[in-house]
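A quick write-up on the structure given underneath.
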There are 2 protein chains.
Amino acid sequence: MTTPTTEIIGILGGMGPAATADFYAKLVATTPGSSDQDHLRTVIWSDPTIPDRTEALLGDGPDPTPWLLDGSRVLRQAGATVIAIPCNTAHAFVPRIEEHVGLPIVHMIGEAARHLSTMSPRIHTAGLLATTGTVRAGLYQEWLDRFGIRLVLPEGASQDREVMTAIRAVKAGTGDDTTTALLVRAAQRLTEQGAQAVIAGCTEIPLGLPAEAVDVPVIDPALVLAQALVRRATTEGSTPQDE
Amino acid sequence: MTTPTTEIIGILGGMGPAATADFYAKLVATTPGSSDQDHLRTVIWSDPTIPDRTEALLGDGPDPTPWLLDGSRVLRQAGATVIAIPCNTAHAFVPRIEEHVGLPIVHMIGEAARHLSTMSPRIHTAGLLATTGTVRAGLYQEWLDRFGIRLVLPEGASQDREVMTAIRAVKAGTGDDTTTALLVRAAQRLTEQGAQAVIAGCTEIPLGLPAEAVDVPVIDPALVLAQALVRRATTEGSTPQDE
């Protein structure tokens, strides 16, 4: 870190809790520094009781927006200067909360799309492993379109039987070799559709899919978000767009 | 989890930040449940800028007490109903803060001592790998005395050159096989002094010392603390002593 920072990272977490712990570990590992005191002050609100985001998007469950607003308020009162949400699906609700939280939100999906657009060799087609909620909400579609990257998705059976089964297993703490095999197979199907990179577009997926098990680069949006937060904090409040 | 809980876990962290991430991961892994919504609401204040606890205890640095009080206030305002401090050395400052925080603190070192006293076969002698601050403050000595367990410590050179070197490497993110070898050697010296169990008494140590590398059981006080919090939350506010 070149200069001390006044930034306090607010993590709106709990979606799920294991992914929140993993995200904070990534933020710490990404921060340069050789002693505790070089690291970023961080406040984490982890409310796993927030209603399931995919169920809400599919019309099967309550709207998590009030929980997201409550959590944002806790983070702001605790002194957070920026908010990060390490849950891809929850980004479908960002337009409903961003006007009300009074703090900048570093957008994980926007950062992931920007990261893909800077990769070399150039990525023309990316594949997505994500919850059905994230897929249906078109979150990656919208952002990759802006960068001229084509998105390929698992066909319906692969989405339900491979991707969602694996995500639920990681959330339940029962992820194992079978879970990994499901995700590897789903990733392979995406590369067969032309994907030159695979987006691990649910924070549970990197916990079940080792990057080295896939033939093309696997992009972890949570890691990209952690890197964006560190860049932002260490350049003292400049926005990601300025860099 | 048998009943829904109103408990909100407050984690006073950042000492160091990697250990805080690891502690939260342990808390999540320890919590029974098969979906996000079964997990405990948690708020984490992670301020790595807090002055070094060992330096303060050795008279070489500022007193971290004001930072601990500030962090406790943030957690209370965020709705925490109980506080956990996943840093052994910081427990030297618990007597200075506990009257002021207005919330129960589940004492990691007390829980670790109690856990040791319940092990079978019975532990008569335990060894301690911890910071020089924790050792000098006599934190484990005091609690193990209450349970009639003898404590053995690394002699001075092993404490400085093995244990503290390894802890600093983990904090700096440069922990590697050499770090592990230092800790394994220090643990072996303790077993040669009669230790029937080794306490990984600094939250950085389990990150560098695989339990299977030591001939006797390695007790991870952070894991014991996580288990105590889950028991407390799932039995709805009963104190650990009641169980």
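So the values come out like this:
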| item | result |
| --- | --- |
| Residue check, residue B:125 assigned by TED's automatic domain parsing to the domain that holds residue B:195 and farther than 17 Å from residue B:46 by Cβ | yes |
| Qualifying residue in the range A:114-137 (condition: in a strand (DSSP E or B) and surrounded by fewer than 19 Cβ atoms within 10 Å (Cβ to Cβ)) | yes |
| Any chance residue B:37 is surrounded by fewer than 23 Cβ atoms within 10 Å (Cβ to Cβ), facing chain A (nearest Cβ under 10 Å), out of contact with any Cys (no Cβ under 9 Å at 6 or more places or on another chain) and at pLDDT 95 or above | no |
| Filter pass, residue A:226 being under 10 Å from residue A:129 (Cα atoms) and in a helix (DSSP H, G or I) | no |
| Which listed residue is surrounded by fewer than 24 Cβ atoms within 10 Å (Cβ to Cβ) and either touching a helix residue (DSSP H, G or I) at 6+ places or on another chain (Cβ under 6 Å) or outside the structural domain of residue B:143 (by TED's automatic domain parsing) (or both), from B:42, B:89, B:30, B:20 | B:30 |
| Some residue of the range A:235-243 being among the charged types (D, E, K, R), within 30 Å of residue A:80 (Cα to Cα) and part of a loop (DSSP other than H, G, I, E, B) | yes |
| Test: residue B:104 is in the same structural domain as residue B:70 (by TED's automatic domain parsing) and in contact (Cβ under 8 Å) with a residue 40 or more places away in the chain | yes |
| When residues of the range A:169-192 are limited to those that are touching a residue at least 60 places away in the same chain (Cβ under 8 Å), more than 11 Å from residue A:128 (Cα to Cα) and not hydrophobic (A, V, I, L, M, F, W, C), the one surrounded by the most Cβ atoms within 10 Å (Cβ to Cβ) | A:171 |
| Index of the failed condition, residue A:74 passing every other in (1) surrounded by fewer than 23 Cβ atoms within 10 Å (Cβ to Cβ); (2) more than 7 Å from chain B (Cβ to nearest Cβ); (3) modelled with pLDDT of 95 or more | (2) |
| The range A:186-212, subset within 14 Å of another protein chain (Cβ to nearest Cβ) and of a type in the set (A, V, I, L, M, F, W, C), residue nearest to residue B:33 (Cα to Cα) | A:207 |
| Positions within the range A:40-71 being more than 10 Å from chain B (Cβ to nearest Cβ) and of a type in the set (A, V, I, L, M), in sequence order | A:56, A:57, A:58, A:68, A:69 |
| Which numbered condition residue B:14 misses (of (1) more than 21 Å from residue B:227 (Cβ to Cβ); (2) free of Cβ contacts under 8 Å to residues at least 12 places away in the same chain) | (2) |
| Matching strands (runs of 3 or more DSSP E) fully within the range A:8-99 where at least 1 residues are under 20 Å from residue B:33 (Cβ atoms) and touching a Leu at 6+ places or on another chain (Cβ under 8 Å) | A:41-46 |
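Table: residues versus (1) away from chain A (no Cβ under 14 Å); (2) of a type outside the set (Gly, Ala, Ser); (3) in a helix (DSSP H, G or I).
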site: B:158; (1), (2), (3): yes, no, yes
site: B:161; (1), (2), (3): yes, yes, yes
site: B:173; (1), (2), (3): no, no, no
site: B:181; (1), (2), (3): yes, no, yes
site: B:184; (1), (2), (3): yes, yes, yes
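The values are calculated or read from the model by the stated rules, or taken from the named source; none is laboratory data. Computed from a prediction, not measured in an experiment: that's the story for all the values here. For neighbour counting, all protein chains shown are included, and Cβ atoms are generated from backbone atoms with ideal geometry for every residue, glycine included.
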